[in-house]
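J.: Here's a structure for you.
The values are calculated or read from the model by the stated rules, or taken from the named source; none is laboratory data. Everything quoted here is computed from the prediction, not taken from an experiment. Cβ placement follows ideal geometry from the backbone for every residue including glycine, while neighbour counts extend to all protein chains displayed. All accessible areas refer to the heavy atoms of the entire protein, side chains included, with ligands and DNA or RNA removed. Shrake-Rupley method; radii C 1.70, N 1.55, O 1.52, S 1.80 Å.
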Amino acid sequence: MSDKNSHPYIILPFDFMRFSKDNLLLVNLVGEYLFVSEDEFKKLVTHDINRKSDPLYFILKAKHFITERISDPAIELLAVKYRTKKDFLSHFTSLHMVEITRRCNQKCIYCQVSSQDPDKSHYDMNIETARKTVDLIFMSPARSIKIEFQGGEPLLNYDIIKYVIEYGEKQASIKNKGVEFVVCTNLTRATDDMLKYFGDNNVLISTSLDGPENVHNFARRYRDGTGTYRDVINSFERAKKYVEPSKISALMTTTRYSLIYPDEIINEYVKNEFRSIFVRPLNPFGYSKQKIDEIGYDSSEFLIFYKEILENTLKTNLKGYFIEESFASLLLTRILTPFSTGFVDLQFPAGTGISGVMYGYNGNVYLSDEARMLANMGDYRFCLGNVHKNSYRDIFYSDTIVNLIRDSCAESLPGCSDCAFQMYCGIDPVRNYATQNDAIGYRPTNDFCLINKEIIRHLFEIILKNDLDKMDIFWSWITGRNLSEVRIKA
Amino acid sequence: MLTIKGIPKNIREPLLGKVRFSEVSKEERRKTIIANPNISKKALEGYVAIISSDTEIRSEMKDLETPVVYGIKGLKILSEGDVIEIFPNGTINVLYQINSRHNIIFVTSKCDCNCIMCPQPVDDNEGSLTELNLRLISLMSKSTEELALTGGEPTAVGNDLFKLILACRDLLPQTALLLLTNGRRFSNFEYTHFFSSLRHPNITVGIPFYGDNNIEHDSIMGSRGAFDGAIRGILNLASFNNSIEIRTVITRQTYNKLLRISEFIYRNLTFVRHVAFMGLETIGRGQQNLKLLWVEPEKILRPLEEAIHYLVQRGMTTSIYNIPLCLLPRNLWRFARRSISEWKDSFDLKCSGCSVKAQCSGVFESTIELFRHHIKPVL
Amino acid sequence: MEEACDEKDNRETTGMKPIEKLQDGRLLLRVSKALYSHEAILTTAYKFTDNCYIHVDSLDSDYYGVFFTAKEPSIDLFSQVNDFYNELADQQIRYNLCQSNRSIKELIIKKAFFPFQDNE
């Protein structure tokens, strides 16, 4: 396969995107990028770059866009790097989300999980289902298991949480695996005993804080309509007595109301001493038109908001307070480092089922949270089985999952296979099905694509400008260190 | 290597021994060279040799069979525990200094490359140094913190290198080893497998890089295939979890490529534990090719800072060797190491008033002329 | 790109334009079979089907015909067709690159997941 006779160099696999006027972004098979001019690009693809007179030749060679012979170590290096990037696949299913109860004491404006009245306790996971669920979880080949308690509001069924933690740790010890627990809770029902238990047992707490009081209370209310902000803040104070600050994190869900408060939301996070924020867009699946009008927005509005809040987060870091925007941090790790990042919601092949899976309160096993919502509306196509009826093989080797893997590799997806961002991005087939009636999705109007693509592009714009402060902040996020450790200023 | 000289008596062949300033037991004397002894003639029997700073040979030593070197002017540089080799002409090579942090085992001068700045010429008359080195290792103190295996190209002596490593492992278990090699031999998987199975508890392989592509690197290494060989060697070493360090000498050819080399290392050889940027030593070919290699110290600062910042951002460990503090901006001082062997006289007269002399690497004696009008004491 | 357009124009017989407005309101783009593969045309078409109905056919031995109909009256069909032609050039480059480095890509991925399969 030597091209020596016909061409002076072999072009290695890469994708490209027209980034701005006279600026093309090239991305190779392992996510390494390079900006080139129109002219340089033309010469590259017509095999016209001259080794003797073009310094670009050596840059392309070093960055593995071209090589001279098929026997060059570039091939081995690319293989090692590719394996590194996809390493998350070797863990198979490592994130296990468990719906401890469907009951909830809140009725948040954007909630799609029809959270049953807090008194109807047959929407709780019972002990038998919990045991079978944990048994199934520990059949995963992953060396390290993460169990996330979800709901409804999981603390309403606290006894089962404790049961899963205790039984889970026993199983982890028998199977010689690591295990980590996360409680996704609104914290309004957290007693001191619960918090102490979580603190003593190294359980991570993930909670929701949409912003300052007015923003938070717009969306997150008790069933009687009153705001939850004060109680949530009070819970933070109490939690800090028992749980290490690094073990409590928060995320926010963006509603129409949030869009005008990018500053205030960050300040709220700083005030409550959070070190990370996850800025999430709304997923309007299943909403009535009325609701969409009330709380929804289109992707371009979200993107404006996201860019502003990212800028504010950077400013905050520059002032000396470390806080990372989690989504940007993930994408930056993919763009700027050679490392593997498994993130169930955004990866190729899709994370649904193979990297993360959801267990319902009644033992049903779903590809994802959204699959659970679909089932709730009567569509069971993404339900893989039930812990009481089906074996590990039935569930994890099912046609649903096999087909899913086949249909969610970037190379086989229209709109993704030719996208320069495919090493940074991912697909959610369940969301595609829910919003566009097709698991493969139709990229030109796919909001998931439009938002992710624009965020990645925006990050590349910042990278291209190469502002030293911003790049240092990015690296402080990626490596989890203070800004001062990343800088070498005098 | 440090060398002193005196007047020889009774020396028929090269002699190796550990320096002691006071008497030792009869068993120990077979390995000991006693220095400036103040003891009776009977007590002087059994030593490998006697060395003395006396200008005249002492009466009790006159009739001794024991080899003697006297009239040594520089004897006071020796410490108790140093290891020296004495030659029939009265030359004394100091092979090991107990108080130095920079002891080496010179494995061979043979090499399969031809680096344009190489300080070490090939010696065709050398023969095998392995026996000598094994004895040297047996005489070194167990408290030695670090030892470097150098050359030439240490892997050029085949299994002898493994013998040396095993001797270090068994006799100097607390001593960290640094194997300086161009890495090409490790492109052979079986060789790397064998090397890794020696299980030395603390050995780092130090490999030079002079470019992010084979054309630039090979031209400095003076050998085609050096880059590809080094890459494959490093990948093999990494697959057995060996500790690897990359070193780049800063020359006119490399100084504006330091960032690109760092990028290449970060993306392709991420497991590398340490990256060192080194000032040029101008002896041997380094001296011959000076015009080709020399770059004004001011020019290197910006690219050096960029490369170091790049690595620091990514959490990689990095150091600067052989560049004095007065030439570096303050924010880079924390990366500069005291890297020049103590025996290489490395400070100028100007340096006597310098407030940071104790932390400074100084400069190579060979480059002091070139640096003279650049260096200045920090007050 | 413009380059491809120029080349195309040079090969045309007099009177034939690359973009033709048809009587039924559709726009027809003539694409040279010598320069563009049908895979590239289809991949390009995918990106425009949110705004246009697109129909691809073989006109004769030398040309494909791509027929555009606007989905909404507000859509500037002419500009869609021009954007299509630009995108087509890029897709053709991608297709060509893919053809020439498919086996290298497979080799790399195979080495990635079966590193010891070929003897050193």
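J.: Could you give the spread of the C-alpha atoms of region B:201-258 along their three principal axes, from largest to smallest, in whole angstroms?
T.: Result for region B:201-258: principal-axis Cα extents of 38, 21, 15 Å.
J.: Here's a follow-up. Just to be sure I understand: if I project the alpha-carbon convex hull of region A:138-225 onto a plane and average over all orientations, what area do I get in nm²? Let's see the in-between values first.
T.: Numbers: hull surface 27.3 nm².
Computing the convex hull of the Cα atoms and averaging its projections yields 6.8 nm².
J.: Here's something else I'd like to know. Show which aspartates and glutamates lie in cross-link reach of B:K62 when reach means a straight Cα distance below 17 angstrom and same-chain residues fewer than eight apart are skipped.
T.: Straight-distance partners of B:K62: B:E45, B:D54.
J.: Here is a further query. Loop only by DSSP, 14 or fewer other Cβ within 10 Å of the Cβ. Give me the chymotrypsin sites (Phe, Trp or Tyr not before Pro) in region B:187-267 that pass, ordered by residue number.
T.: Details: sites: B:F189, B:Y191, B:F194, B:F195, B:F209, B:Y210, B:F227, B:F240, B:Y255, B:F264, B:Y266; in loops: B:F209, B:Y210, B:F240.
The qualifying sites are B:F240.
J.: Which entries of B:K5/B:K76; A:K86/C:K111; A:K81/C:K110; B:K26/B:K76; A:K86/C:K110; A:K146/A:K175 show an alpha-carbon separation above 18 angstrom in the structure shown? Present the calculation step by step, with values, prior to reporting the outcome.
T.: Numbers: B:K5/B:K76 12 Å; A:K86/C:K111 13 Å; A:K81/C:K110 13 Å; B:K26/B:K76 25 Å; A:K86/C:K110 13 Å; A:K146/A:K175 14 Å.
Checking Cα-Cα distances, B:K26/B:K76 exceed 18 Å.
J.: Send over the per residue convex hull volume for region A:96-167, Cα only, as a whole number of Å³. Write down the numbers at each step before the final one.
T.: On the way: hull volume 6.4 nm³, N = 72.
In region A:96-167, the Cα hull volume divided by residue count equals 88 Å³.
J.: In square nanometres, what is the average projected area of the Cα convex hull of region B:3-96? The partial results should precede the final answer.
T.: Working: hull surface 20.2 nm².
Reported value for the Cα convex hull: 5.0 nm².
J.: What FRET efficiency do you get for C:T69 and B:H274 if R0 is 51 Å and r is their Cβ-Cβ distance, rounded to the nearest 0.05? If you can, show how the numbers build up before the last one.
T.: Numbers: r = 64 Å, r/R0 = 1.26.
That pair, C:T69 with B:H274, gives E of 0.20.
J.: Students often get this wrong, so check it: of A:K196/A:K247; A:K21/A:K42; A:K42/C:K21; A:K271/A:K319; B:K9/B:K142, which have C-alpha atoms separated by over 23 Å? Before the final figure, lay out the partial values.
T.: Working: A:K196/A:K247 13 Å; A:K21/A:K42 15 Å; A:K42/C:K21 32 Å; A:K271/A:K319 14 Å; B:K9/B:K142 32 Å.
From A:K196/A:K247; A:K21/A:K42; A:K42/C:K21; A:K271/A:K319; B:K9/B:K142, over 23 Å: A:K42/C:K21; B:K9/B:K142.
J.: Now, a different point. Please list, short to long, the whole-number percent of alpha-carbon pairs of region B:323-379 in consecutive 10 angstrom bins beginning at zero.
T.: All Cα pairs, binned at 10 Å, distribute as 25, 63, 12 percent.
J.: Sticking with this one: Taking chain B as a Gaussian network, Cα atoms linked when under 10 Å apart, which of B:S223, B:S25, B:S361 shows the biggest mean-square fluctuation?
T.: B:S25
J.: How compact is region B:122-232 by the rule of thumb for globular proteins, expressed as Cα Rg over 2.2 N^0.38 Å?
T.: Values: Rg = 15.0 Å, N = 111, 2.2 N^0.38 = 13.2 Å.
Relative to the rule-of-thumb radius for its length, region B:122-232 sits at 1.14.
J.: Now, a different point. Starting from the amide H of A:A250, placed 1.01 Å from N in the peptide plane, find each other amide H under 5 Å away whose residue is 5 or more places distant or on another chain.
T.: HN-HN under 5 Å from A:A250: A:T207, A:S276.
J.: Listed here are the pairs A:K489/B:K291; A:K307/C:K105; A:K63/A:K453; which of them are more than 25 Å apart at the Cα? The partial results should precede the final answer.
T.: Working: A:K489/B:K291 33 Å; A:K307/C:K105 36 Å; A:K63/A:K453 23 Å.
Over 25 Å Cα-Cα: A:K489/B:K291; A:K307/C:K105.
J.: For region A:278-325, what does the alpha-carbon gyration tensor say about shape, rounded, prolate or oblate, given a ≥ b ≥ c as the root eigenvalues, a/c under 1.5 as rounded, and a/b over b/c as prolate?
T.: Numbers: a/c = 4.22, a/b = 2.93, b/c = 1.44.
It is prolate, given that a/c is not under 1.5 and a/b is the larger ratio.
J.: Describe numerically, in nm with one decimal, the distance between label points set 7 Å from Cα along Cα→Cβ at A:K170 and at B:T3.
T.: So the two model labels end up 7.7 nm from each other.
J.: Applying 1/(1 + (r/R0)^6) with R0 = 22 Å to the Cβ-Cβ distance of C:V56 and C:N86, what FRET efficiency is obtained, to the nearest 0.05?
T.: Numbers: r = 17 Å, r/R0 = 0.79.
Rounded to the nearest 0.05, the efficiency is 0.80.
J.: Stokes-Einstein at 10 °C, 1.306 mPa s, Kirkwood radius from Cα pairs: D for chain B in µm² s⁻¹?
T.: Values: Rh = 22.4 Å.
It diffuses with D of about 71 µm²/s by this estimate.
J.: Here is a further query. Can you tell me the accessible area per residue over the protein assembly as shown, all protein chains present, probe 1.4 angstrom, in square angstrom?
T.: Working: 43380 Å² over 989 residues.
Per residue, the protein assembly as shown has 44 Å² of solvent-accessible surface.
J.: Another one. Given the DSSP H assignment, sum -39500 (n - 2.57) over each helix run of at least 4 residues in chain A and divide by its residue total; what's the result at 222 nm in deg cm²/dmol, nearest 500? Each step should come with its number before you reach the end.
T.: Working: 19 runs with 200 residues, N = 490.
Result for chain A, helices only: -12000 deg cm²/dmol.
J.: Taking N as the number of residues in chain A, what is its Cα Rg relative to 2.2 N^0.38 Å? Before the final figure, lay out each step's value.
T.: Details: Rg = 23.9 Å, N = 490, 2.2 N^0.38 = 23.2 Å.
Dividing the Cα Rg of chain A by 2.2 N^0.38 Å gives 1.03.
J.: Explain nothing, just compute: Karplus ³J(HN,Hα) = 6.51 cos²θ - 1.76 cosθ + 1.60, θ = phi - 60°, for every residue of region B:369-377 in order, whole Hz, x for Gly and Pro.
T.: 4, 5, 8, 3, 8, 9, 7, 7, x
J.: Rounded, prolate or oblate: pick one for region B:104-321, where a ≥ b ≥ c are the square roots of the eigenvalues of its C-alpha gyration tensor, a/c under 1.5 means rounded, and failing that, prolate if a/b is larger than b/c, else oblate.
T.: On the way: a/c = 1.67, a/b = 1.37, b/c = 1.22.
The shape class here is prolate.
J.: Which FRET efficiency value, to the nearest 0.05, is calculated for A:N201 and C:T49 with the Förster distance at 51 angstrom and r the Cβ-Cβ distance? Write out the running numbers ahead of the final one.
T.: Details: r = 53 Å, r/R0 = 1.05.
Plugging the Cβ-Cβ distance into 1/(1 + (r/R0)^6) gives 0.45.
J.: Out of region B:145-186, which trypsin sites (Lys or Arg not before Pro) are coil in DSSP terms and have no more than 13 other C-beta atoms within 10 Å? Walk me through the intermediate numbers first.
T.: Working: sites: B:K163, B:R169, B:R184, B:R185; in loops: none.
Answer by residue number: there is no such site.
J.: Would you please name the chymotrypsin sites (Phe, Trp or Tyr not before Pro) within region A:390-490 that are DSSP coil residues with at most 16 other C-beta atoms within 10 Å of their C-beta?
T.: Numbers: sites: A:Y392, A:F396, A:Y397, A:F421, A:Y424, A:Y433, A:Y442, A:F448, A:F460, A:F474, A:W475, A:W477; in loops: A:Y397, A:F421, A:Y424, A:Y442.
The qualifying sites are A:Y397.
J.: Can you compute the label reach from A:L318? Point 7 Å from Cα along the Cβ direction, backbone N cut-off under 12 Å, restricted to region A:461-490.
T.: Flagged as within label range: A:467-473.
J.: Starting from the 7 Å offset along Cα-to-Cβ, what nm value, one decimal, do you get for the label separation of A:K465 and A:E180?
T.: Those two pseudo-labels are separated by 3.3 nm.
J.: Same structure again: Go from 0 up to the bin containing the longest alpha carbon distance in the protein assembly as shown, width 20 Å each, and give me the % of pairs per bin.
T.: Cα pair-distance distribution for the protein assembly as shown, in percent: 11, 34, 32, 18, 5, 1, 0.
J.: Can you give me the long-range amide H partners of B:L178? Hydrogens built in the peptide plane at 1.01 Å from N, cutoff under 5 Å, separation of 5 or more residues or another chain.
T.: HN-HN under 5 Å from B:L178: B:L147, B:A148, B:L149, B:T204.
J.: OK, next. Per-residue HN-Hα couplings for region A:234-243, Karplus 6.51 cos²θ - 1.76 cosθ + 1.60 at θ = phi - 60°, whole Hz, x for Gly and Pro?
T.: 4, 5, 4, 4, 5, 4, 4, 5, 10, 10
J.: Here's something else I'd like to know. Would you mind checking which residues have amide H under 5 Å from A:G385's amide H? H placed 1.01 Å from N; only 5 or more apart, or other chain.
T.: Placed amide hydrogens put A:V365 under 5 Å from A:G385.
J.: Got a sec to turn the phi values of region B:246-259 into Karplus ³J(HN,Hα) couplings, 6.51 cos²θ - 1.76 cosθ + 1.60 with θ = phi - 60°, whole Hz, x for Gly and Pro?
T.: Residue by residue, region B:246-259 yields 10, 10, 10, 7, 8, 10, 4, 6, 9, 4, 8, 10, 4, 5 Hz.
J.: Could you tell me whether region A:226-380 comes out rounded, prolate or oblate from its Cα gyration tensor? Rule is a ≥ b ≥ c as square roots of the eigenvalues, rounded for a/c under 1.5, then prolate if a/b exceeds b/c, otherwise oblate.
T.: Values: a/c = 1.38, a/b = 1.28, b/c = 1.08.
Rounded, since a/c falls under 1.5.
J.: Quick check: at a probe of 1.4 Å, how many percent of the accessible area of the protein assembly as shown sits on carbon and sulfur atoms? Let's see the in-between values first.
T.: Working: 21500 of 43380 Å².
Ligands and nucleic acids excluded, carbon and sulfur give 50 percent.
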